[in-house]
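Data block below; observations after.
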Amino acid sequence: MMTIDLRSDTVTRPTPEMLNAMMKAEVGDDVYKEDPSANALEAQVADMFGMEEALFFPTGSMANQAAIKLHTQPGEQLICDQWAHVYNYEGGGVSFNSGVSCKLVTGKRGMITANQVAAHINPPDFYHSPLTSLVCLENTTNKGGGACYDFEEFKRIRNVCDTHGLGLHLDGARLMNALVATHDDPKEYGKVFDTLTLCLSKGLGTPLGTVLAGKREFMRNAIRVRKILGGGMRQIGYMAAAGSYALAHHVDRLEEDHRRAKELAAQLEALMYVSEVEPTETNIVIFYLKDTIPAAHFMAYLDSEGIRISDMGQGKLRLVTHLDYSEAMHKKVLLSLQQYETKKPSS
Ligand SMILES: *Cc1c(COP(=O)(O)O)cnc(C)c1O
């Protein structure tokens, strides 16, 4: 039986064409900054987002952690949504690596507003509180179900940051999904954010890699911080070439992932055993079962159909569409979801 893995968009494998591009990559020792493929990808991503500099990292967490370090001093505080990846899923790295605390905002679907940011800044002359120095946003939001910010809100948040002298970082693990969904101009991101990450190994389908791009004044120390975090690498051009390949060939097709996610959401919406489906804008579908349906029963059923999804706790179930989720698989999942209607425990 074919296995259909919808746990995350990280489960993809490089396509033969991507592997071919990797095989042909020109490489050098990146610790000497002599890897032409890495240098080319960094220049490409910086240019794409209207940033001055960029640096390749092995993971999104390391790139976010480096950015936080570049923006802050120990004892300071950053502002983020309560569901933010930097707070929940980076192993406590904010405090471990930077000695920084997080002020959590109760946003909507992982997104916060300029007014909320302003309300969470500690008064800088009140020396009893940690000094607020950074705001971290996510686009799309992960735990928020792939939601996309309205670009106008970014501008308003930028204004608040300017007024209070705060840095502004964007966690762009699924930034390309956001750009494809909103048609925002990536160059505008460089005008609003000081630093941003672009993940290559989620929707874009490379084996690894995240690029951190930013303004020169923030990026000056980036290569040293990456070294300290253990991220100084040698012939990474093979991975950078996968990234360049993905940017050329795997961006437009994200629309397909979004269409399939919306079709899954619509299907779930129509089923009796589902209590709620969150709005689906990109490639993540979050839904909840009715109280009478034990999640374990539903998951076991999906397992017997060869379908894997994520249980995020508190009744939250998550499906993520991606490059290796074909139309044939999609048809099968739609059918299996519907057939559970007759197999669910009767109440
Ligand atoms: C996946 C993800 C990251 C980075 O994760 P790594 O596994 O370290 O690459 C960062 N932020 C968000 C929102 C993510 O979804």
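The table below gives the values:
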item	result
Residue in the range 114-126 that is within 16 Å of the ligand (Cβ to nearest atom) and either buried (at least 16 other Cβ atoms within 10 Å of the Cβ) or not assigned by TED's automatic domain parsing to the domain that holds residue 70 (or both) present	no
Those residues of the range 172-212 which are in contact with a Phe, Trp or Tyr (Cβ under 7 Å, 6 or more places away or on another chain), within 15 Å of residue 136 (Cβ to Cβ) and away from the ligand (no atom under 12 Å from the Cβ), in sequence order	189, 192, 194, 195
Boolean, residue 149 is outside any loop (DSSP other than H, G, I, E, B) and modelled with pLDDT of 95 or more	no
Hits in the range 210-240 - residues which are in a loop (DSSP other than H, G, I, E, B), open to solvent by 10 Å² or more (accessible area, probe 1.4 Å), under 17 Å from residue 34 (Cα atoms) and not hydrophobic (A, V, I, L, M, F, W, C)	232, 234, 235
Number of the condition not met by residue 99 [criteria: (1) on the phi > 0 side of the Ramachandran plot; (2) crowded, with 17+ Cβ neighbours inside 10 Å]	(2)
The range 290-342, residues that are assigned to a strand (DSSP E or B) and in contact with a helix residue (DSSP H, G or I) (Cβ under 9 Å, 6 or more places away or on another chain)	307, 308, 311, 317, 319, 320
Filter result for the condition that a residue is under 30 Å from residue 150 (Cα atoms) and touching a residue at least 40 places away in the same chain (Cβ under 8 Å), over 114, 25	114
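Listed here are the residues, each with its yes/no results for (1) within 27 Å of residue 147 (Cβ to Cβ); (2) touching a residue at least 40 places away in the same chain (Cβ under 8 Å).
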| residue | (1), (2) |
| --- | --- |
| 31 | no, yes |
| 77 | yes, yes |
| 88 | yes, yes |
| 98 | yes, no |
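For (1) within 30 Å of residue 338 (Cα to Cα); (2) in the same structural domain as residue 85 (by TED's automatic domain parsing); (3) open to solvent by 10 Å² or more (accessible area, probe 1.4 Å); (4) assigned to a loop (DSSP other than H, G, I, E, B), each residue gets a yes or a no:
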{"site": "178", "(1), (2), (3), (4)": "yes, yes, no, no"}
{"site": "196", "(1), (2), (3), (4)": "no, yes, no, no"}
{"site": "203", "(1), (2), (3), (4)": "yes, yes, no, yes"}
{"site": "207", "(1), (2), (3), (4)": "no, yes, yes, yes"}
{"site": "242", "(1), (2), (3), (4)": "no, yes, no, no"}
{"site": "264", "(1), (2), (3), (4)": "yes, no, no, no"}
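The values are calculated or read from the model by the stated rules, or taken from the named source; none is laboratory data. Bear in mind that the values here come from a model prediction, so they are computed numbers and not experimental data. Note that we place each Cβ from the backbone using ideal geometry, even for glycine, and neighbour counts take in every protein chain shown. Surface areas here come from the heavy atoms of the whole protein model, side chains and all, with no ligands, DNA or RNA. Shrake-Rupley method; radii C 1.70, N 1.55, O 1.52, S 1.80 Å.
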